[in-house]
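**Student:** Sharing a structure below in structure tokens format, with a few things to ask.
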Amino acid sequence: MAKGAKGSTTSSIELEVRKGSPSVELTRNEFRDRFRARFADPHFEKLAAQLAEIEDVAWQNYQQSRKSPRTRPAGAGFADPAYELSLDWLAAHHAIRRASELHAQPGPARSAL
């Protein structure tokens, strides 16, 4: 073994550097298991056919990466006003801005969470 920086020892073992990340995409069976886990209560058994249809639509959406199916252009104040943003994201953005404005107003001490 050779001496390294500050007296540490190093060996001649070659290390394999891994780059990137493994796929996190679910298989159809993994997706089915996760989806159905939400409906484990026996009261859902009588809705098995309807849940299977909903699962099929959910799987298609997952395959097509439809994470934000409801969008609108970002609008003024954004770097790209024409960029399509999720309505959920926009609602959260506006709520955070409003909380920040309230926090900045004079008055008793406030904390934005």
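**Student:** How about segment 11-34: which of its residues are hydrophobic (A, V, I, L, M, F, W, C) and within 15 Å of Asp56 (Cβ to Cβ)?
**Tutor:** Leu26, Phe31
**Student:** I'd like to know if segment 95-103 contains one or more residues that are at positive phi, surrounded by 10 or more Cβ atoms within 10 Å (Cβ to Cβ) and not aliphatic (A, V, I, L, M).
**Tutor:** Looking through segment 95-103, none of the residues is at positive phi, surrounded by 10 or more Cβ atoms within 10 Å (Cβ to Cβ) and not aliphatic (A, V, I, L, M).
**Student:** Run Arg110 past the list (1) modelled with pLDDT of 90 or more; (2) of a type in the set (Lys, Arg); (3) surrounded by 10 or more Cβ atoms within 10 Å (Cβ to Cβ) and report the number of the one that doesn't hold.
**Tutor:** Among (1) modelled with pLDDT of 90 or more; (2) of a type in the set (Lys, Arg); (3) surrounded by 10 or more Cβ atoms within 10 Å (Cβ to Cβ), Arg110 violates only (1).
**Student:** If you don't mind, another one. May I ask you to say which residue of Arg70, Arg32, Arg97 is closer than 28 Å to Leu113 by Cβ and in contact with a helix residue (DSSP H, G or I) (Cβ under 8 Å, 6 or more places away or on another chain)?
**Tutor:** Arg70
**Student:** Collect the residues in segment 1-51 that are modelled with pLDDT under 90 and of a type in the set (S, T, N, Q), keeping them in residue-number order.
**Tutor:** Ser8, Thr9, Thr10, Ser11, Ser12, Ser21, Ser23
**Student:** Just give me the residues in segment 63-92 being under 30 Å from Asn29 (Cβ atoms) and assigned to a strand (DSSP E or B), in sequence order.
**Tutor:** The one that is under 30 Å from Asn29 (Cβ atoms) and assigned to a strand (DSSP E or B): Ser86.
**Student:** Would you mind stating whether Ala109 is in a loop (DSSP other than H, G, I, E, B), without any contact (Cβ under 8 Å) to a residue 12 or more places away in the chain and of a type in the set (Gly, Ala, Ser)?
**Tutor:** Judged against the criteria, Ala109 is a match.
Here is a yes/no grid of residues against (1) over 19 Å from the mean Cα position of the chain (by Cα); (2) exposed (fewer than 11 other Cβ atoms within 10 Å of the Cβ); (3) at negative phi; (4) assigned to a strand (DSSP E or B):
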residue	(1), (2), (3), (4)
Pro22	no, yes, yes, no
Glu25	no, yes, yes, no
Arg36	yes, no, yes, no
Lys46	yes, yes, yes, no
Ala49	yes, yes, yes, no
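**Student:** So which residues in segment 55-82 are more than 30 Å from Arg36 (Cα to Cα), of a type outside the set (Gly, Ala, Ser) and loosely packed, with under 12 Cβ neighbours inside 10 Å, if there are any at all?
**Tutor:** Listed by number, the residues that qualify are Arg72, Asp80, Pro81.
The values are calculated or read from the model by the stated rules, or taken from the named source; none is laboratory data. The model shown is predicted, which means the values in this text are computed figures rather than measured ones. Positions of Cβ are backbone-derived with ideal geometry, glycine not excepted, and every protein chain shown enters the neighbour counts.
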